[in-house]
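Every number here is computed from the coordinates shown, using simple stated rules; none is lab data. The structure presented is a predicted model; accordingly, all values stated were derived computationally and were not measured. So basically every Cβ, Gly included, is an ideal-geometry build from the backbone, and we count neighbours across all protein chains shown.
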Amino acid sequence: DTGVSQDPRHKITKRGQNVTFRCDPISEHNRLYWYRQTLGQGPEFLTYFQNEAQLEKSRLLSDRFSAERPKGSFSTLEIQRTEQGDSAMYLCASSSTSGGIEQYFGPGTRLTVT
Amino acid sequence: QKEVEQDPGPLSVPEGAIVSLNCTYSNSAFQYFMWYRQYSRKGPELLMYTYSSGNKEDGRFTAQVDKSSKYISLFIRDSQPSDSATYLCAMTGSTSGTYKYIFGTGTRLKVLA
């Protein structure tokens with residue numbers, strides 16, 4: 001068990017470009033969450049998958065954001081036409097329905113939009 | 001008003017001090033209460049997890065939940081410089097269905113050697 005991994009760790013992009021982040025949860029964890037954290041704030045919930053089904057999306061997730069978990073394993077988060085306000089740390093967490101409700105976080109992807 | 005309130009600090013204490021970190025919340029549906037530690041530019045690391053009211057101890061860390069007051073605390077005994085980090089409280093309940101977490105803003109702690 002190597003923990004939750006995220007790729008890339010850092011991304012610098014110009015405004016208007018598209019970016020895609022990847023999250024690999026702890027193996028056999030069927031719940032996967034995306035959060036966004038800005039400087040000086042706690043993480044804010046973006047979206048939730050149980051297996052491959054996306055069961056909840058936050059109002060924070062505008063139509064420029066899309067997330068997938070095609071085979072119920074890794075997940076991707078894509079941001080289209082990035083804006084400076086999208087600059088943040090994007091965190092992925094996973095947990096198991098057969099275990100407790102504890103979520104284990106990855107190291108995050110830090111996005112800077114210039 | 002935010003669902004979860006947490007004093008952002010920073011909180012500076014001398015090495016060996018007892019640290020008290022607190023959060024208040026407004027949603028009575030919260031049943032599970034977590035504390036995470038986050039070092040600069042890293043992901044949050046789970047420290048403690050408590051269900052409903054009561055105390056839980058793990059080494060130098062003690063978590064307390066008072067649901068009647070909607071108040072939770074994390075105590076760190078014999079604090080060390082390596083404890084210097086941001087401490088985040090998080091909460092959830094089964095009514096959310098997804099068990100998504102609601103976080104406080106985090107308290108920055110600095111333990112001085």
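Each label was represented as a point 7 Å from its Cα along the Cα-to-Cβ direction; for B:K2 and A:R15 these points are 2.7 nm apart.
Averaged over the residues of peptide A:91-104, the number of Cβ atoms from other protein chains lying within 10 Å of each residue's Cβ is 3. Take each residue in B:97-110, count the other chain C-beta atoms within 10 Å of its C-beta, and the mean is 5. Remark: the range B:47-64, residue by residue, has Karplus-estimated 3J(HN,Hα) of 9, 9, 9, 10, 9, 6, 7, x, 10, 9, 10, 8, x, 7, 10, 10, 10, 10 Hz, where x stands for each Gly or Pro and the curve is 6.51 cos²θ - 1.76 cosθ + 1.60 at θ = phi - 60°.
With θ taken as phi - 60° and the Karplus curve 6.51 cos²θ - 1.76 cosθ + 1.60 applied, the whole-hertz 3J(HN,Hα) list for the range A:65-74 is 9, 9, 10, 9, 9, x, 10, x, 10, 6 Hz, x standing for glycine and proline.
Around the amide H of A:S87, modelled in the peptide plane, lie the amide H atoms of A:V113, all under 5 Å away and 5 or more residues distant in sequence or on another chain.
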